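What follows draws every value from the coordinates through simple rules; no lab data is involved. The model shown is predicted, which means the values in this text are computed figures rather than measured ones. Heads up, the Cβs are rebuilt from the backbone with ideal geometry, glycines too, and the neighbour counts pull from every protein chain shown.
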């Protein structure tokens, strides 16, 4: 027999379901307001949809002993501002900071991937962005690890990375078609990831991550003018003291360890580069553990890099 409360809930099941569904729906910060993600729409003439005129970031928050905190938020938003400036998109870092924090609170996320996106909106067709609406959104989602968190097999891509003389190495939406092509081609041949190498045989980066090599116990950060100035890369250099310099594909193949890094990938070991298999990765594991402690506020360097939610 149902209690009165249970009977009321059964009788009013649609209402209870609606309340629960509303509470559990993902929330977005969009142009100053928090809203249900599925309630928002973009005009089909949105300039960014047709021409890639947007800029984004990939940011992470982590659960720490003092609550959720965002890792290196100012640095991410400064890089985003540079991309927005190039596209003529107004960008207020203080507003974007508050948008990130509000989105995390609205979704109740602690360990989360954060995606801010600024873009050129509806208007006439054509390449001129003047006179178009501009928008900013922030989405958050429970953490998903790029490259799956396991050792990845990568292959040298037949595609070249966008040269910095043509497209600046920032997170411009349209620029990432280059990575999509390389990733699709690599996966069609059974690999997890693609490695960009320039015409002179120097390593650039992976499709969405920077690269480090380890040889005889020494860690080196791959440096290339066409590669994204990675914030995780910068963090690992600061933590390890690793030098940064150009690295040839031959050096990478001769390395004892290779790992990729990025906000989504964190520190991801590479199992093989084409037919070159790598063995154990003790130094990569040590750096991965140090990075994990840092982002969760357990190292001395952490406090300067964490923004409490």
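The stretch between residue 250 and residue 133, if pulled fully straight at 0.36 nm per residue, gains 37.3 nm over its current Cα-Cα span. Relative to the longest principal axis of the Cα atoms of the chain, the long axis of helix 282-295 lies at roughly 30 degrees. As a length-normalised measure over Cα pairs under 8 Å and 6 or more apart, the relative contact order of segment 152-301 settles at 23 percent. One chain, two ends: residue 38 and residue 177. Fully extended at 0.36 nm per residue, the span grows by 47.5 nm beyond their Cα-Cα distance.
The per residue volume of the convex hull around the alpha-carbon atoms of segment 115-181 is 137 Å³. Beta bridges assigned by DSSP with both partners in segment 152-301 are antiparallel in approximately 70 percent of cases.
Please determine, in degrees from 0 to 90 and to the nearest 10, the orientation of helix 13-24 with respect to the longest principal axis defined by the Cα atoms of the chain, where the helix direction is its Cα long axis. Between the helix axis and the principal axis of the chain, the angle is about 30 degrees.
The alpha carbons of segment 152-301 stretch over 39, 33, 25 Å along the principal axes, in descending order. Each residue in 157, 45 was given a count of other beta-carbon atoms within 10 angstrom of its own, and listing them fewest first yields 45, 157. The C-alpha atoms of the chain define a longest principal axis, and helix 93-107 lies at about 60 degrees to it. Counting only DSSP beta bridges with both residues in segment 85-199, tell me the antiparallel percent, nearest 5. Close to 75 percent. Converting the Cα gyration tensor eigenvalues of segment 27-142 into ellipsoid dimensions via √(5λ) gives semi-axes, longest first, of 27, 16, 10 Å.
For residue 200 and residue 85, the FRET efficiency from 1/(1 + (r/R0)^6), where r spans their Cβ atoms and R0 equals 25 Å, is about 0.25. Distances between every pair of Cα atoms in segment 165-232, grouped in 5 Å steps from 0 to the bin holding the largest one, split as 3, 15, 23, 26, 19, 9, 4, 1 percent. Share of antiparallel DSSP beta bridges in the chain, in percent to the nearest 5? Antiparallel bridges make up about 85 percent of those DSSP assigns within the chain. Put simply, when 37-43, 292-298 are sorted by average Cβ atoms within 10 angstrom per residue, most first, you get 292-298, 37-43. Note on residue 225 and residue 187: the model spin-label points, each 7 Å out from Cα along the C-beta direction, lie 3.3 nm apart. Working note: Debye formula, equal point scatterers on the alpha-carbon atoms of the chain, no solvent; log10 I(q)/I(0) at q = 0.10, 0.14, 0.16 Å⁻¹ is -0.63, -1.11, -1.34.
If I model segment 40-99 as equal point scatterers sitting on the Cα atoms and use the Debye formula, what is log10 I(q)/I(0) at q = 0.14, 0.21 Å⁻¹? Listed by q, the Debye log ratios stand at -0.52, -0.91.
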